[in-house]
């Protein structure tokens, strides 16, 4: 019974992470959504956020933190960083009252674009961190002699990598059926 609850918490956290990435990449869809903006306002509010359509359930902050430690190398830091990025995107995206084709307009626009670039760099740091951890795991798998264990670990790892890739809009083409397959070797 304990396993089922833990698995539900993991699935809930992954859906919450996907949602935060969605808000970061498509923030204009959430500019007027006070419920989302409020949920992003604090860690506690994020834990209380619920969206049945997306499969996100209310959780305690401690459960989010404990589950994050199991799922992500950066622990809850990864979720919190995404929360802050999403909140910053939503709060810094108000339309300007400065007239177009003025020096102030372009200065404000440049500042906004610099901010977006910085946010994207932070998202990229999280992605690169995951990539480096996955490369290390692949190096460790490479040294395993038992073929069945290698195939099992590779299958799990391919699924894990796909789940990461699907969270970033730059990898949208990978959302289709993967062409990556574990090829079974012959016994000698």
Among (1) over 25 Å from residue 131 (Cβ atoms); (2) surrounded by 14 or more Cβ atoms within 10 Å (Cβ to Cβ); (3) in contact with a helix residue (DSSP H, G or I) (Cβ under 6 Å, 6 or more places away or on another chain); (4) at pLDDT 90 or above - the single one residue 90 does not satisfy:
(4)
Count, please, the residues in segment 153-175 that happen to be surrounded by 14 or more Cβ atoms within 10 Å (Cβ to Cβ) and modelled with pLDDT of 80 or more.
2
Quick test for you: out of 9, 32, 62, pick the one residue that is part of a helix (DSSP H, G or I) and over 19 Å from residue 81 (Cα atoms).
9
Mind counting the residues in segment 19-53 that are buried (at least 17 other Cβ atoms within 10 Å of the Cβ) and under 18 Å from residue 71 (Cα atoms)?
5
Does segment 31-49 contain at least one residue that is in contact (Cβ under 8 Å) with a residue 60 or more places away in the chain and over 16 Å from residue 11 (Cβ atoms)?
yes
Report yes if some residue within segment 18-29 is closer than 30 Å to residue 118 by Cβ and outside any helix (DSSP H, G or I); otherwise report no.
yes
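The values are calculated or read from the model by the stated rules, or taken from the named source; none is laboratory data. Predicted model only: the values in this text are computed from it and were never measured. Quick reminder, even Gly has a Cβ in these numbers, built from the backbone with ideal geometry, and neighbours come from all protein chains shown.
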